[in-house]
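**Q** Sending over a structure as structure tokens; questions will come in a sec.
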Amino acid sequence: MVNDVHVAGVGMIPFAKPGKSGNYADMGEAAARAALADAGIDYALVQQAYVGYVYGDSTSGQAALYGLGQSGIPIVNVNNNCSTGSSALWLARQAVAGGTVDCALALGFEQMVPGALGSVFTDRPGPMVRQEAIRDEVQGVDPQAPMAAQFFGGAGQAYVDEFGIDPAIFAEISVKARKHAANNPNAVFRNLVTVEEVLASPKIYGPLTRLQCCPPTCGAAAAVVCTPEFARKHGLNADVVIRAQSLTTDTPSTFESKDMRKVIGYDMAAAAAHNVYETAGVGPEDIRVVELHDCFTTNEFLTYEALGLTPAGTAEKFIRDGDNTYGGRVVTNPSGGLLSKGHPLGATGLAQCAELVWQLRGQAGARQVEGVNLALQHNLGLGGACVVTLYQKVDAR
């Protein structure tokens, strides 16, 4: 087993609205090339590749990577809903950590269409029938509202009902996301918004308005991971390692609790974070920068507590005190997050990885969080899977 798996290179292309991007193969190839160039190696040195996407035919990964060459290596296509990109990274890291290969590539991309997410197959049961049954029992179903918004809006409402907070607090997260994205040239939405504008945007479901929901987006991102020996042999940048990583799926509590917060993955996230902290021997108090899965403002809010960044029942105060942004305790989503950067499903996890690697290297420009040597990533997929990853800056000399 290899204790340290280095992230030798990362790359992503600017995200774009549907219809404004290249096709998935071109986007994927461009992101992979960027990661390889950042690492300073040729594709011929990559021994395995894991390629994530949700909306695409089988072997789309090969279609993207064949533009780099037909080297004959194993290429594994990955689909784990919105946690797809991080699941591809998890597999690549495992291959390196287990000693199977010295160098692996994780790539994620998505070519999306406008509008809310929907089912592709209508002639068979969907994979979320269990979650949908709990949703229907707890809050009913609104045929006019997007499916995902009903889950995450319902989870936010459950928190409001328990703690009696003003749901307007969720809008503060959108405002913060836009402020951060203003310094990110890869983000789709970089214009600032006010709380009043967020709350005045069309109502979607529960406490959620349109400006509290991430947009469908097209894009791609990639990472090259390797052993310390491979990095030394090829003179690669070995300043960032994956210190710990955990992929979790649902447990009975998701369904038995009849709590929409658990249905959308709170316990998965808490378990993954616990595993990572325990493995690394650190705690949430050691974290200064986080990229987390803000598909909706309510999920970012809940994730503050799931990751232990603030105790249960205190997320509202965490925001009011400015502890979720620059000048506070931990900068959450310096990239602007999914809310502003966009959410091409397969690419999101690897775009989060790229942002945190840049942060640890000191290459984040105006977004730079000062003095960080640990960075935490959270990527969630309904249905369900959650990946939490801890990166560390190390002295590679």
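**Q** Counting only DSSP beta bridges with both residues in the chain, tell me the antiparallel percent, nearest 5. Don't skip to the answer; put the middle values down first.
**A** Numbers: 36 of 51 bridges.
Antiparallel: roughly 70 percent of the beta bridges in the chain.
**Q** If you take the charge dipole of the chain about its Cα centre, with +1 on Lys and Arg Cβ and -1 on Asp and Glu Cβ, which of THR314, GLY153, LEU105 is farthest toward its positive end?
**A** LEU105
**Q** OK, next. Restrict the search to segment 6-95; then list the trypsin sites (Lys or Arg not before Pro) that DSSP places in a loop and that have at most 13 other Cβ atoms within 10 Å of their Cβ.
**A** LYS20
**Q** Let me ask you something else. Please label the shape of segment 139-206 as rounded, prolate or oblate, based on the square roots a ≥ b ≥ c of the eigenvalues of the alpha-carbon gyration tensor (a/c under 1.5 means rounded; beyond that, a/b larger than b/c means prolate, else oblate). Let's see the in-between values first.
**A** Working: a/c = 2.38, a/b = 1.65, b/c = 1.44.
Note, shape of segment 139-206 comes out prolate.
**Q** Please give me, ordered by residue number, the chymotrypsin sites (Phe, Trp or Tyr not before Pro) of segment 85-125 that lie in loop per DSSP and have at most 13 other Cβ atoms within 10 Å.
**A** Here the sparse-neighbourhood loop sites are PHE121.
**Q** Could you sort 150-160, 136-146, 61-71, 290-300 so that the peptide with the highest average Cβ count within 10 Å comes first and the rest follow in order?
**A** So the order, starting with the most tightly packed, is 290-300, 150-160, 61-71, 136-146.
**Q** Residue-wise, which Karplus ³J(HN,Hα) couplings in Hz belong to segment 173-183, taking 6.51 cos²θ - 1.76 cosθ + 1.60, θ = phi - 60°, and x for glycine or proline?
**A** Values, residue by residue: 5, 5, 4, 4, 4, 5, 4, 5, 5, 4, 9 Hz.
**Q** Take the alpha carbon gyration tensor of segment 273-388, find the square roots of its eigenvalues, order them as a ≥ b ≥ c, and report rounded if a/c is under 1.5; if not, report prolate when a/b exceeds b/c, else oblate.
**A** Numbers: a/c = 1.17, a/b = 1.01, b/c = 1.16.
It is rounded, given that a/c, with a ≥ b ≥ c, falls under 1.5.
**Q** Also, I was wondering about something else. Over the Cα atoms of segment 277-342, what Rg and Dmax result, in angstrom?
**A** 11.6, 33
**Q** Now for a different question. Could you please state, rounded to a whole Å, how far the C-alpha centre of segment 149-197 is from the C-alpha centre of segment 364-397?
**A** 21
**Q** Hey, which of these cross-link pairs are over 23 Å Cα-Cα: LYS17/LYS203; LYS317/LYS341; LYS203/LYS341?
**A** LYS317/LYS341
**Q** Still on this structure, please answer the following. Provide the net charge surrounding PRO215, with neighbours chosen by a C-beta distance below 11 Å and charges set as Lys +1, Arg +1, Asp -1, Glu -1.
**A** +3
**Q** Of the accessible area of the chain, with the probe set at 1.4 angstrom, what percent is carbon plus sulfur?
**A** 50
**Q** Just subtract the alpha-carbon distance of GLN144 and ALA200 from 0.36 nm times their residue separation and send over the number in nm, one decimal.
**A** Full extension from GLN144 to ALA200 adds 18.2 nm.
**Q** Tell me which label goes with the value of P(r) over Cα pairs in 20 Å bins from 0, in percent computed from the coordinates here: (1) 22, 30, 10, 19, 17, 2; (2) 31, 60, 9; (3) 26, 54, 18, 1.
**A** Label of the calculated value: (2).
The values are calculated or read from the model by the stated rules, or taken from the named source; none is laboratory data. These figures come from a predicted structure and were not determined experimentally. All Cβ positions, glycine included, derive from the backbone under ideal geometry; neighbour counts span all protein chains shown. Surface areas here come from the heavy atoms of the whole protein model, side chains and all, with no ligands, DNA or RNA. Shrake-Rupley method; radii C 1.70, N 1.55, O 1.52, S 1.80 Å.
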